Structures are given as C-alpha cells and as structure tokens.
1. Quick check, is Tyr160 under 30 Å from Val45 (Cβ atoms) and among the aromatic types (Phe, Trp, Tyr)?
2. Considering each residue of the range 40-89, count those that are small (Gly, Ala, Ser), open to solvent by less than 40 Å² (accessible area, probe 1.4 Å) and farther than 19 Å from Asp130 by Cα, and give that number.
3. For the range 203-214, indicate whether the set of residues that are open to solvent by 50 Å² or more (accessible area, probe 1.4 Å), basic (Lys, Arg) and within 18 Å of Phe278 (Cβ to Cβ) is non-empty.
4. So Ile237 clears everything in (1) touching a residue at least 60 places away in the same chain (Cβ under 8 Å); (2) closer than 24 Å to Ala80 by Cα; (3) outside any strand (DSSP E or B) except one condition, right? Which one?
5. Is there a residue in the range 199-212 that is assigned to a loop (DSSP other than H, G, I, E, B), of a type in the set (Val, Ile, Thr), in contact (Cβ under 8 Å) with a residue 24 or more places away in the chain and within 24 Å of Leu60 (Cβ to Cβ)?
6. Which one is farthest from the chain's Cα centre (by Cα) among residues in the range 94-113 that are surrounded by fewer than 18 Cβ atoms within 10 Å (Cβ to Cβ) and charged (D, E, K, R)?
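The values are calculated or read from the model by the stated rules, or taken from the named source; none is laboratory data. None of the values given here were measured: they were computed from a predicted structure. Don't worry about glycine lacking a Cβ; one is built from the backbone with ideal geometry, like all the others, and counts go over all protein chains shown. For the accessible areas, the whole protein counts, side chains as well, though only heavy atoms, and no ligand, DNA or RNA atoms are used. Shrake-Rupley method; radii C 1.70, N 1.55, O 1.52, S 1.80 Å.
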Amino acid sequence: MLADKNPQKTSLAELGEFGLIKHITQYFKLNNTTSIKGVGDDAAVLDASKKQTLVTTDLLIEGVHFDLSYMPLKHLGYKAVMVNLSDVYAMNGEAEQITVSIAVSNRFPLEAIEELYAGIQLACDTYKIDLVGGDTTSSTKGILISVTAIGKANAADIVYRNTAKETDLIVVSGDLGAAYLGLQVLEREKQVFKVDPNNQPDLDNYTYLIERQLKPEARKDVAGLLKELKVKPTSMIDISDGLSSELFHICTQSKVGCKIYEDKLPLDPQVISTCEEFELDSTMVALSGGEDYELLFTVPIGDFDAIKNNPNFSIVGHITAENQGLQLITRAGQEMELKAQGWNSMKE
C-alpha cells in the first residue's frame, strides 16, 4: 500500500488552545483511584492519601535534548514520560499521575501533535498512570515539552541519594551504554543522508541500541524485584547522565567514596561490537554515555547472596571511605580516578 504523499495537515490555529487541549486529551482515561479529577477544570484533584508524595519535572527542548530528523514524534512523547517516571522509580516510589505542557511553532500541524500525544497515551496505558493536566502555548521555533510526574510511597520505603554507607555494594539494573551508541548510529546515518538523500540507512545490526535511545523503558519493575528478594536499597538514583555522574551524586551527597570494577560493568553484545566498529572504549561508553534510565543503587553487603545471581542486577563495586575518592579498578588491576563525564545540559 502506497503512503499518502500529501497527508492532510490541520493548522493548530483552527482549533485554538482550548480546542487543541480537548482534542488531544479526549481519549485519556483515569487509571488510579487517587486521581479524582483530571483534565478539564482549573486544576486536577488528587487524593492526598496517607503516603508521601513524590514530584519530579523534566524539560525537553528540540535541538538540545532531541532531534526530530530521526526521533519520531510518537517516540518522543513516550520518552518524555519515561524520563520522569524513571525519577519516581529511583525514589522507590510508584508513579500515578503526570502533567504535560508543550510549546510548539506553527510548523507543526495538528496531526503532528496527535502523534506526540499518541506516544504519551501509550506510556500512560503501559505504566498505568493518569494525565491530569498541563498547558499548551506557541513557540517561536521548534517544540518544547515539560512533563511533571507525581508519585506516592510509604515514608519508610523512600530511598534517597544521601544515605549510602561504607561497605555497601554498588548495583545497577540492566546494561549500560546502549542508548549512547544508538545516538551515535542515528547521528552517523543523519550525516550520510545529508550527503546522499537517496541512501537509505541499514539499521538491522543496531536494533537494540536504537530502541534504547528512541524508546527507553523506565524500570518500574525494580522495586518489586527487590521486595521479593527482601532487599531495601540504602541509596538510589536513575542513570540519565551516565554511571560516573550518578555515582558522583551519590558519593558527594552521602559523603563516601567508591570503587567500581571495569570487568563488572554490564554490556550488551551489541554494545561491544558497535564500540569496536566506532573505535570507542566500551568502558567509557558505559560510564559516561547516559540516557540508559537504568537504576543505580547501593545495598548492605549482607545482601550479597540475594543479589549476586539475579539476572536483573549486576554488582559493579562497593562504597568506601570518603577520603579514598571515586576509583575505577581496571581489568589490569590498576586504580584510576573516576570522573563525572556524563551529560551536562548547561554545556554548549
């Protein structure tokens, strides 16, 4: 079946702000009993409940955080939600609601915004969260997305960054570096396309990497997995800016040091082969790549037996005294200073 070369495009000005909000939110349903009133009034109404409330916000800007030349709008909507849910899960909480605010230029027709919100709706349906509010406005160029996630947790269950202790084990979920390499592949193909628009990219060898970049999944499952193992983390953070940067946050706020072992870093085979192809150091990619949205946490050394053989987790090091600093132990047994070289949103 041939694609429509001239799809219908509806100007956002035809609907106006309130018409647009009504149009893009009409299919969102409430999943949580704590959501009393969602979109459609001056403010959302949420049940306070007896749990503590978690709130986190992220801002995504075209040209800074994403490139629409290879990021489909549906994937962008989904990823924008994941970025925020990941922060809630990093507090050992359960996400329940989100608000979404967007600013768009007149180059985007209604159909493009529908694609964006289709991704947001898929995220809401998959993770059982409710869209309860937001805002829409115009932008002089490009698109900007701000998502706020609201979650709940029992006070005793919340895990912070500043509570790691000496001798704690350092653990990560999943594997590292794939999202960064997915970005490198997409950027390379973008440059090839610029030179020859008839050259179609062959991405079959990079499917895992590209999925990790364009459609990451927040680790909602980790809290349940740890509960089954009867393990409570002593500290936790999500890996959005790179493992080394996140370790820096935990160690600085907990006033401790750490040792990370190069041979313990979890790498997917596609990461290893693509690093060889791009002539990149796989260890540096794992440490500094970012956007993995896995969880990094510490647990008491007494939980070693519970964690060591679980396929969802990798023990990559341990917490030390603050005066020992942050160290990477290489495969050759050498100690190197671990530097926070991950994503910096303020750096041009």
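1. Judged against the criteria, Tyr160 is a match.
2. 0
3. Within the range 203-214, not a single residue is open to solvent by 50 Å² or more (accessible area, probe 1.4 Å), basic (Lys, Arg) and within 18 Å of Phe278 (Cβ to Cβ).
4. Unmet for Ile237, out of (1) touching a residue at least 60 places away in the same chain (Cβ under 8 Å); (2) closer than 24 Å to Ala80 by Cα; (3) outside any strand (DSSP E or B): (3).
5. At the first step, the residues of the range 199-212 found to be assigned to a loop (DSSP other than H, G, I, E, B) are 199-203.
Retained after the next criterion (residues that are of a type in the set (Val, Ile, Thr)): none.
No.
6. Only one residue tops the list, namely Arg107.
Yes/no per residue for (1) within 22 Å of Gly177 (Cβ to Cβ); (2) assigned to a helix (DSSP H, G or I):
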site: Ser245; (1), (2): yes, yes
site: Ile260; (1), (2): yes, no
site: Asp263; (1), (2): yes, yes
site: Ile272; (1), (2): yes, yes
site: Glu276; (1), (2): yes, yes
site: Ala286; (1), (2): yes, yes
site: Asp292; (1), (2): yes, no
site: Asp305; (1), (2): no, yes
site: Gly317; (1), (2): yes, no
